[in-house]
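Visitor: Next up is a structure, given as structure tokens.
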């Protein structure tokens, strides 16, 4: 299966598909762990067509679908320079989103994506990749640790009026 995968840059013509996959994967991952009212308010804002279109048009962000000839398995979003949500280091890239549809999880597709992202960072001669992961998403934290990421800090964010914490994790390119 991994032999026939491609990374396809996402463009504005695919906004509906991006929104659908974004909402579905985020819902599957986090809805059951959050207050529905706050969760829905967040997703209505974060994954609206206006918001996603704006992110797609940002020259310092890149979106990619993970596809085969007949299926889309998930997507990821990378941020460089001023598009980064916290650090804004020109020697790094941020993985803001990396999601695989539920029916395709546990097929090593996440590791496949991380390997491709690591290759991108290496080719761009960057120093490190970083990301934020919710402190209660222990499965994701373990996944990133297995793939060489380590915790280096944290930041707070709000889901509605509920304060939550993301752990910041990084992978150094030249280790």
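The values are calculated or read from the model by the stated rules, or taken from the named source; none is laboratory data. Here the structure is a predicted model, which means the values were calculated and not measured. Every residue, glycine among them, receives a Cβ derived from its backbone with ideal geometry; neighbour counts consider all protein chains shown.
Visitor: Out of 154, 161, which single residue is farther than 20 Å from residue 7 by Cα, touching a helix residue (DSSP H, G or I) at 6+ places or on another chain (Cβ under 9 Å) and surrounded by fewer than 19 Cβ atoms within 10 Å (Cβ to Cβ)? Show your work before the answer.
Guide: Details: 154 fails: touching a helix residue (DSSP H, G or I) at 6+ places or on another chain (Cβ under 9 Å).
Result of the check over 154, 161: 161.
Visitor: I'd like to verify a number: residues in segment 61-91 that are assigned to a helix (DSSP H, G or I) and touching a strand residue (DSSP E or B) at 6+ places or on another chain (Cβ under 6 Å), how many?
Guide: Qualifying residue count for the region: 1.
Visitor: A follow-up question, please. Of all residues in segment 40-57 being at pLDDT 95 or above and touching a strand residue (DSSP E or B) at 6+ places or on another chain (Cβ under 8 Å), which is nearest to residue 160 (Cα to Cα)?
Guide: Top of the filtered list is 55.
Visitor: Residue check, residue 94 against (1) under 27 Å from residue 44 (Cβ atoms); (2) part of a loop (DSSP other than H, G, I, E, B); (3) modelled with pLDDT of 95 or more; (4) in contact with a strand residue (DSSP E or B) (Cβ under 8 Å, 6 or more places away or on another chain), all met but one. Which one?
Guide: Result: residue 94 passes all but (2).
Visitor: Could I ask something else about it? Modelled with pLDDT of 95 or more, crowded, with 18+ Cβ neighbours inside 10 Å and closer than 25 Å to residue 126 by Cβ: is that true of residue 73 in this structure? First the steps, then the outcome.
Guide: Numbers: modelled with pLDDT of 95 or more: yes; crowded, with 18+ Cβ neighbours inside 10 Å: yes; closer than 25 Å to residue 126 by Cβ: no.
No: the conditions fail for residue 73.
Visitor: Say whether the condition of being out of contact with any helix residue (DSSP H, G or I) (no Cβ under 7 Å at 6 or more places or on another chain), at positive phi, loosely packed, with under 12 Cβ neighbours inside 10 Å and without any contact (Cβ under 8 Å) to a residue 24 or more places away in the chain is met by at least one residue in segment 105-120.
Guide: For segment 105-120, residues out of contact with any helix residue (DSSP H, G or I) (no Cβ under 7 Å at 6 or more places or on another chain), at positive phi, loosely packed, with under 12 Cβ neighbours inside 10 Å and without any contact (Cβ under 8 Å) to a residue 24 or more places away in the chain: present.
Visitor: If residue 131 satisfies every condition in (1) more than 24 Å from residue 31 (Cα to Cα); (2) in a strand (DSSP E or B) but one, which is the exception?
Guide: Just one mismatch for residue 131, condition (1).
Visitor: Follow-up. Name the residues in segment 97-114 that are under 14 Å from the mean Cα position of the chain (by Cα) and in a helix (DSSP H, G or I), would you? Lay out the reasoning, then the answer.
Guide: So the first thing to find is which residues in segment 97-114 are under 14 Å from the mean Cα position of the chain (by Cα), and the list is 97-101, 109-114.
Hits for segment 97-114 are 109, 110, 111, 112, 113, 114.
Visitor: Test residue 140 against the criterion of being in a helix (DSSP H, G or I) and within 21 Å of residue 158 (Cα to Cα), and give yes or no.
Guide: yes
Visitor: When you scan segment 1-60, how many residues do you find that are in a loop (DSSP other than H, G, I, E, B) and either within 14 Å of the chain's Cα centre (by Cα) or touching a residue at least 40 places away in the same chain (Cβ under 8 Å) (or both)?
Guide: Total satisfying the criteria: 7.
Visitor: Now a separate question. Hey, can you tell me all the residues within segment 4-39 that are exposed (fewer than 12 other Cβ atoms within 10 Å of the Cβ) and within 21 Å of residue 162 (Cα to Cα)?
Guide: 32, 36, 37, listed by residue number.
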